[in-house]
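Read through the structure below, which is laid out as structure tokens, and then see the notes.
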Amino acid sequence: MKLSRFNLLGRMLGAVALGALFTAPAVNAAEPFRYGVVEPKGDSGLIFTATKFGAKYGVDIKMVEFKSSTAPVKALISGDIDVFTVFPGGTLVAMSRGAGLKFVGCNWPGASYTLYGAADVKTMADLKGKSIGVSGPNSTPNLFAIEALRAKGMDPKDVIFANAGGGADRFRALAAGVVKATATTGEFEPEAAKRGMHILARAHDVTPNFSRNCIVTSDKVIATKRDQLIRFLAANMDGYDYALTHRDETIAYSRKLGELTADDPGPAAIYDEAVAQKAIDPLLAPRADKLQWIHDMLVRNGVLDAKRDVKAFIDDTPRQAALKIRKP
């Protein structure tokens, strides 16, 4: 596995051995296949394990890290990466405006997000006039917070949305009292409980169609790097199968990648949540129903001006080909 910086936002992540998974042949890809991800958190072991299977399928997967969920879309359009995994919202906006991008799978179709409130914010109603930390307009935390507020009978106009950075940064902002609530992954729930914070909403309860991550590439990559893409998808399938059946190893890998302490409970919390909710699909099947819900949500929130059929934004043929080349 290789990693690189992107616009000085990434940081080098050391390769961590998962053990003797298989006897790997030499990688014969002509060039690295650049895989964009949002900064490693407690879930990183689940996502990054796929890179350990790249050699098995003759593809050199190079991880490229981003601070937000919007930057990978721009990087894919410009050709700086070959594929990325991220919340589908920003991608659907770009696709609806003519960008030559396609969903080629959904690795984390389950809803996995939490809205946390400060110790003195016990209910959604307590948020009126207060600030919620997000990572920018129309970002994953922003959209989830809006939908969660509405699900609980609140008007999003009654709160203040503040840009508070990435997931860990947002939680730190909440802990420091900079904001009164924030939306981020469920990995912070153990720490929130210690600090007397309150869980105001969970995505799988209030927004069950709010998919966490899907895999996106460009029409150009599909046309010019199809073989690498197919092998990349096969490696991901094996990676998720392995991660979901090797709990302790995957949790330890998440802690390593996220530079967390050995006793940090976050990686275990998000791993167990993903397993319990069956939030991850190792076969990466694209979920047109959930993608359509997200698209319609964007229209409802004024991000997009008209409804479209998201099936036009899905190309499942590379994944189908990947299923056929999988090795035991």
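Computed from backbone phi, the HN-Hα couplings of segment 82-96 come to 9, 7, 8, 10, 6, 4, x, x, x, 5, 4, 4, 4, 4, 5 Hz, rounded to whole numbers (Karplus: 6.51 cos²θ - 1.76 cosθ + 1.60, θ = phi - 60°; Gly and Pro given as x). Charging the Cβ of each Asp and Glu at -1 and of each Lys and Arg at +1, and nothing else, the dipole of segment 120-210 about its Cα centre rounds to 180 debye. From the cross-link list K62/K225; K67/K130; K41/K67; K52/K74, which pairs have alpha carbons spaced over 18 Å apart? Where the Cα-Cα span goes over 18 Å, the pairs concerned are K67/K130; K52/K74. Of the accessible area of segment 115-238, computed with a 1.4 Å probe over protein heavy atoms only, carbon and sulfur atoms account for 49 percent. Please work out whether segment 161-231 counts as rounded, prolate or oblate from its C-alpha gyration tensor, where a ≥ b ≥ c are the square roots of the eigenvalues and a/c under 1.5 means rounded, while otherwise a/b larger than b/c means prolate and anything else oblate? Because a/c hits 1.5 or more and a/b exceeds b/c, segment 161-231 counts as prolate.
Computed about the Cα centre, the dipole magnitude for segment 153-254 is approximately 280 debye when only Lys and Arg (+1) and Asp and Glu (-1) carry charge, each at its Cβ. Using a probe of 1.4 angstrom and keeping all protein chains present, the accessible surface of segment 235-328 works out to 48 square angstrom per residue.
Average accessible surface for segment 85-209: 35 Å² per residue, computed with a 1.4 Å probe over protein heavy atoms with every protein chain in place.
Each DSSP beta bridge with both residues in the chain is either parallel or antiparallel, and the antiparallel ones are about 50%. Ellipticity at 222 nm from helices only: DSSP H runs of n ≥ 4 in the chain, each -39500 (n - 2.57), divided by the residue count, give -10500 deg cm²/dmol. Give the residue list of GluC sites (Glu not before Pro) in segment 222-328 that are DSSP loop and have at most 16 other beta-carbon atoms within 10 angstrom. Sites meeting the loop and neighbour criteria: E259.
Taking the Cα centre of the chain as origin and assigning +1 to Lys and Arg Cβ atoms and -1 to Asp and Glu Cβ atoms, the resulting dipole is close to 480 debye.
Remark: for residue pairs K290/K311; K102/K307; K256/K327, the C-alpha separation exceeds 19 Å in K256/K327.
Loop-located trypsin sites (Lys or Arg not before Pro) across segment 92-139 with a Cβ neighbour count of 13 or fewer within 10 Å are R97, K122, K128, with loop assigned by DSSP.
For K152 and R247, the difference between the fully extended length at 0.36 nm per residue and the C-alpha to C-alpha distance is 30.8 nm. Protein heavy-atom surface of segment 271-328, 1.4 angstrom probe: 54% of the accessible area is carbon and sulfur, with nucleic acids and ligands not counted.
Here's the picture: a label point sits 7 Å out from the Cα of V299 along the beta-carbon direction, and within segment 92-128 the residues with their amide nitrogen under 17 Å of it are 92-98.
The values are calculated or read from the model by the stated rules, or taken from the named source; none is laboratory data. Just so we're clear, the structure is a prediction, and the values are computed from it rather than from any experiment. Here Cβ is always computed from backbone atoms with ideal geometry, including for glycine, and neighbour counts include all displayed protein chains. Surface accessibility is based on the protein's heavy atoms, side chains included, excluding ligands, DNA and RNA. Shrake-Rupley method; radii C 1.70, N 1.55, O 1.52, S 1.80 Å.
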